[in-house]
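A short worksheet on the structure shown next.
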Amino acid sequence: MNAWGLGLVVGALLAAGAAFAWVASVLGGSHKGHEQKDALTALAEKDVERIFNDDFREELRNRARLHFEKIIGENAMFLQQDLRLTTSQLNEYMKGEITKTLQTEFSKYEQSIDDAKQLAIDSISKTQMAIEEERQALHANLEKEFEAERERLVKKFEDNMAEIVNHYVLDAVGSEIDLSDQLEFILSELESNKAVIVEDIRSGA
Amino acid sequence: MVPEPIGQATPDKRPGLVLPLQILTAGDISRLARELESLEAFFEGAALKGAEVKAVPEASLQLSALNNENQLNLLHSEDRLRLLNFLSVVRAKAPLVHVSFASDPKTDFLMKLVSWFRSNAHPYVLLQVGLQPNIAAGCIVRTTNKYFDLSFKQHFAKSKAKLAAALRTAQ
């Protein structure tokens, strides 16, 4: 029973008291006057006092308290349900929002990573191209240097060829060459230079 | 024109002396001169002692060759003096030819070499022998004013074009 029910009960009781008082006054009529009316009023009040005594009031309070506690409990339950529902909805909402935010951030992060990756790829490609160009230039330069060095060595070898061959002959067969075997060669060489040698010896003698 | 031997134009009109092939270097001349001086001292000593020398003390092979080829008698003071003068003049005026070899040459080799010089250039040519191991073969001749590289090294240098061509063909 709620407050409205309690109000209806109290209103019904008051209406019954008022009707009893009215009936008594009608029955007493104007014959008895005010005395009868006072007696009826006193009687009504007495009944009222009898009906609404402390026990009845206590009973009403208890009922009202129980009813109020019931209402409070129901409201608390409704509130709890609402709260749970709201919490659940809030959780869902938060999940959705967080998921959406995270997805957005992840997509941004992924985009940033892709951009950085592309930038790194571009940078690496440029670096590779630069390295390749440098390598080709270095290769060409090295080939040029090698060719120049080879030419220099060949020229040096050719310039010193007589010395080299002489050194080789000296090392190879130097100890085996007998001067007696060279006499013919030496005399032929002297014959080749005979005119100059003789001229110089005679002019100096 | 081949120069005349020393002594040919001397007032006594005797033929010039011959320098044997065994006498090769200026050192040989100096050694012979010392030997002759020793011999002369020996004869002077004998004369002071009043002893008669009938045989010449044993001389070196070079002095014997010089004496024999010129048909002189070392017992005669005049011949000894002539030889001494001859050696002195040769030491002072004979043309000197420097010859360098890769190794120490033997005497007979040098004799053949000096024979060429004496028959072609001057009869009293003396040699000064040197060593140059880096020439491998051949010799280097240096006269008064000239330098003649007769070594294989020079021979190779002259044939450098042929050698280079052969090496390029081999590559």
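The values are calculated or read from the model by the stated rules, or taken from the named source; none is laboratory data. In this text, all values refer to a predicted model and were calculated from it rather than measured experimentally. All Cβ positions, glycine included, derive from the backbone under ideal geometry; neighbour counts span all protein chains shown. Accessible surface areas use protein heavy atoms only, side chains included; no ligands, DNA or RNA. Shrake-Rupley method; radii C 1.70, N 1.55, O 1.52, S 1.80 Å.
So the values come out like this:
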| read-out | value |
| --- | --- |
| Residue match in the stretch B:118-136 (condition: over 14 Å from the mean Cα position of the chain (by Cα), open to solvent by 20 Å² or more (accessible area, probe 1.4 Å), within 11 Å of another protein chain (Cβ to nearest Cβ) and among the hydrophobic types (A, V, I, L, M, F, W, C)) | no |
| Filter pass, A:ALA148 being surrounded by 10 or more Cβ atoms within 10 Å (Cβ to Cβ) and either at pLDDT 95 or above or more than 21 Å from B:SER151 (Cα to Cα) (or both) | yes |
| Of all residues in the stretch B:90-110 being away from every other protein chain (no Cβ under 11 Å) and at pLDDT 90 or above, the one that is least open to solvent (accessible area, probe 1.4 Å) | B:SER100 |
| Conditions (1) more than 7 Å from chain A (Cβ to nearest Cβ); (2) surrounded by fewer than 19 Cβ atoms within 10 Å (Cβ to Cβ): number failed by B:ALA157 | (1) |
| Test: residue in the stretch A:118-138 that is among the β-branched types (Val, Ile, Thr), modelled with pLDDT of 90 or more and closer than 24 Å to A:LEU6 by Cα | no |
| Selection count, the stretch A:1-46, where residues are at pLDDT below 70, open to solvent by less than 80 Å² (accessible area, probe 1.4 Å) and of a type in the set (S, T, N, Q) | 2 |
| Strands (runs of 3 or more DSSP E) enclosed by the stretch B:77-171 - at least 1 residues per element that are under 17 Å from A:VAL196 (Cβ atoms) | B:96-101, B:138-142, B:147-151 |
| Residues of the stretch B:1-36 classified as closer than 21 Å to B:ALA121 by Cα, modelled with pLDDT of 55 or more and exposed (fewer than 15 other Cβ atoms within 10 Å of the Cβ), total | 1 |
| Residues being part of a helix (DSSP H, G or I), open to solvent by 60 Å² or more (accessible area, probe 1.4 Å) and of a type in the set (A, V, I, L, M) - total across the stretch B:42-76 | 3 |
